[in-house]
Amino acid sequence: MFSMAKCTRINVVAFLLLLCSLMCSLQGVSALGMDYGQLGDNLLPPQQVASLLRSNNISKARIFDTNPRILTAFVNSDIELIVTEENKMLSSPSFLSTTKSPFWIDAYPYFAYKGNSKEIPLDYVLFSNDGSSAGVTDPSSNLHYDNLLYAQVDAVIYAIKALGFDDIEVKVRETGWPSKGDDDELGVSLENAAIYNGNLLKRQLAKEGTPLKPNLDVYIFALFNENKKSGPTSERNFGLFHPDGTVAYNAGLTGYSSSTTSAPNSTDAGTDAPTPTPNPSEPPSSDTYLTEPPTPTPSEPPSSDTTSTEPSSPPTLTLSEPPTSDAKSTNALSPPTPSLSEPPTSSLPQIPMTYSSGVKTATTMGRWVILIIIFCALIIIFLGVIMWYYCYRSNQAPGVDLV
């Protein structure tokens, strides 16, 4: 016989299932995303990479092609795997608006600093102005930016809206800082890489976004140092991990401090600070997430002038032709006005962009799976309400049993 007690238990179970589904849908919203490149001949097998990500509580990863070995290894891994394919024929945001695809950008404050270190303070690019009045205020919007990455992102958002598209979401496909470079690569050091990525991680965990985009998706480039990449030495040293899975430097994945790591305005350090020996420790267990990282001192070139906050003759932002994925031009501190048809005046900064479409989710934590989970939970609740109704009717009519 179906009693009211049984009906109550059914509704409680339905409620718990809904709650669990909602919790699953929120999982990974503020989680760190990592770019998983494969331009190396000594990288870990994909199965071990998935384990490395899980052990560091990294629940989002992005790959650059549909590698079958990686897709197979990440199935049922609870890691949201994103594949972005560069859209060669995209000339305006109308395609993205029609397909509801995000606008992916590559934003590298490092390249801005490398190209204009006399005008751009190191604190501004390393997120070391948190909680202070230092930084840049856009005279048009009166919005304040304490770091260059957020100004770069909002420059793109502003430009897209100026074209009349308010429904396109902007996401950061790549950002990072190299830990090793050539002698002429300003700002490259193990310390600066740890500060930049560590402070970015703190802001991501705090669910912090830009003034124009409170919830910002950011993927750090890169997971590994990749020895087959071309170009200067820095291109092969953007990884948070060595190819064998040992830590290249502590950016806070296994340790984390409550205060932002600061970058003092000192100019007595050389271009490349002495590189300490990395600690090849085992990846932490999944139940350890944040501990205390070291507080490195940033390496700044002697020629840098960190007292200036305004550059001269900044470049102009255009959205007509995207650079290739390997092209990383410099950015000015003081933002230029985007070159658009009849846009309002703005002084947000230019950044090099690579935009993509065709985003795919390859694991059980994808967007469609989350929607399916929520839909199933709603169906369960609906069935629970129906069962309760029949139980209630059966109690109103004694002698009637529901089998």
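The values are calculated or read from the model by the stated rules, or taken from the named source; none is laboratory data. What you are looking at is a predicted structure, and each value in this text was computed from that prediction instead of being measured. Note: accessible area is taken over every heavy atom of the protein model, side chains too, but ligands, DNA and RNA are not part of it. Shrake-Rupley method; radii C 1.70, N 1.55, O 1.52, S 1.80 Å.
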query = How much accessible area per residue does the stretch 196-257 have, in Å², with a 1.4 Å probe?
reply = 30
key: Length added when fully stretched, Asn42-Thr246, from 0.36 nm per residue minus Cα-Cα   = 72.2 nm
message = Report the gain in length on full extension from Asn227 to Ile374: 0.36 nm times residue separation, minus Cα-Cα distance, nm rounded to one decimal.
response = 48.6 nm
request  = Quick one: what are the phi-derived ³J(HN,Hα) couplings along the stretch 106-120, Karplus 6.51/-1.76/1.60 with θ = phi - 60°, whole Hz, x for glycine and proline?
outcome  = 9, 10, 10, x, 4, 5, 5, 5, 4, x, 8, 5, 6, 9, 10
From phi via Karplus (6.51, -1.76, 1.60), per-residue ³J(HN,Hα) for the stretch 51-68 in Hz, x at Gly/Pro = 5, 4, 5, 4, 5, 9, 6, 8, 9, 9, 9, 10, 10, 9, 7, 8, 5, x
key: 5 angstrom amide H check on Tyr145, placed H, neighbours 5+ away   = Val136, Thr137, Asp138
request  = Could you list which residues have their amide H under 5 Å from that of Lys60, counting only those 5 or more apart in sequence or on another chain, with H placed in the peptide plane?
outcome  = Met34, Glu80
remark   = As a percent rounded to 5, the proportion of antiparallel DSSP bridges among beta bridges in the stretch 47-192 is 20
For the stretch 87-163: accessible area per residue (Å², 1.4 Å) = 35
note = Taking Cα pairs closer than 8 Å and at least 6 residues apart, the relative contact order of the stretch 51-199 in percent is 23
query = How big is the stretch 67-140 by Rg and Dmax over its Cα atoms, in Å?
reply = 19.1, 50
ask   = Binned at 10 Å from 0, what are the whole-percent values of the Cα-Cα distance distribution for the stretch 128-243, short to long?
value = 12, 38, 32, 17, 1
Distant-in-sequence amide H partners of Phe224 (H built 1.01 Å from N, under 5 Å) = Gly37, Leu240, Phe241
key: Subset of Lys114/Lys202; Lys114/Lys171; Lys60/Lys202; Lys60/Lys114; Lys180/Lys228; Lys180/Lys207 violating a 26 Å alpha-carbon distance limit   = Lys60/Lys114; Lys180/Lys207
note = Taking protein heavy atoms only, a 1.4 Å probe, and rounding to whole percent, the accessible area of the stretch 73-186 owed to carbon and sulfur comes out at 47
